[in-house]
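Any read-out appearing in this document is the output of simple, stated calculations on the displayed coordinates, not a laboratory observation. The model shown is predicted, which means the values in this text are computed figures rather than measured ones. Methodologically, a virtual Cβ is constructed for each residue, glycine included, from the backbone with ideal geometry; neighbour enumeration extends over all protein chains shown.
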Ligand SMILES: Cc1cc2nc3c(=O)[nH]c(=O)nc-3n(C[C@H](O)[C@H](O)[C@H](O)COP(=O)(O)O)c2cc1C
């Protein structure tokens, strides 16, 4: 019988592809905390992302308990102004179940091209981080909700809005539930030119 496995495919490559395909955005986490050393290693791995002109434009803020509580209060205040106190209490409660909080920022640049490339580099770094954690059994949710654009957020996290902007707020932890997802067939997104 003919062996259908392509000659380039190795067990290691298959496992690597499995990590890439298997990572999912996690909504529900267990209340088990992630070891600080693991997170630190994931952040270190993140910094090996490609970055044009070696700008290393990223910064990682691991939030402690006080900052998390302030974020929860800010979340409540934002939702309360928009949707009232019942919705605000509900959201604060939901967010208080997120076990780990990490904020990734990108250095601001007045050069439009550099800014675009720096943001791309930060996104690559974030993917490194999420995949590293995923391989260790830890999931993330990347969020870009209202809170990251609130002027009070920078004060809580500890960065100057003039100098950095938020790429995302990341919740991380061991998944309680891993959702399924699908992607379009490759033929929708792949073109081979002559
Ligand atoms: C830049 C960026 C911002 C995102 N912001 C949010 C968000 O604010 N809320 C949310 O529910 N998901 C957010 N996500 C996660 C996507 O919704 C998620 O990646 C998508 O549904 C695909 O699911 P998957 O990550 O499991 O493949 C964001 C993803 C990216 C790349």
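Between residue 116 and residue 187, what FRET efficiency comes out of the Förster formula 1/(1 + (r/R0)^6) with R0 = 35 Å and r the beta carbon distance, rounded to 0.05?
Efficiency at R0 = 35 Å is approximately 0.75.
Just for the chain, what percent of DSSP beta bridges are antiparallel, to the closest 5?
Percentage antiparallel, nearest 5: 95.
Calculate the spin-label point distance for residue 10 paired with residue 69, positioning each point 7 Å from the Cα along the beta-carbon direction, and give it in nanometres.
Label-label distance for residue 69 and residue 10, simple model: 5.1 nm.
Among 77, 96, 182, which one shows the highest mean-square fluctuation when the chain is modelled as a Gaussian network with alpha-carbon springs under 10 Å?
Checking each option, the largest mean-square fluctuation is seen for 182.
Once both labels are modelled 7 Å past Cα along the beta-carbon direction, what's the residue 21-residue 151 spacing in nm?
Between residue 21 and residue 151, the label points sit 4.9 nm apart.
Ranking 178, 5, 193 by Cβ neighbours within 10 Å, fewest first, what do you get?
Ranked by crowding around the Cβ, least crowded first: 193, 5, 178.
Decide, for the chain, between rounded, prolate and oblate: order the square roots of the alpha carbon gyration tensor eigenvalues as a ≥ b ≥ c, take rounded if a/c falls under 1.5, and otherwise choose prolate if a/b is larger than b/c, else oblate. Display every interim value, and only then the final one.
On the way: a/c = 1.92, a/b = 1.45, b/c = 1.33.
In terms of gyration-tensor shape, prolate.
Give me the distance in nm between label points sitting 7 Å out from Cα along the Cα-to-Cβ direction at residue 143 and residue 160, one decimal.
2.9
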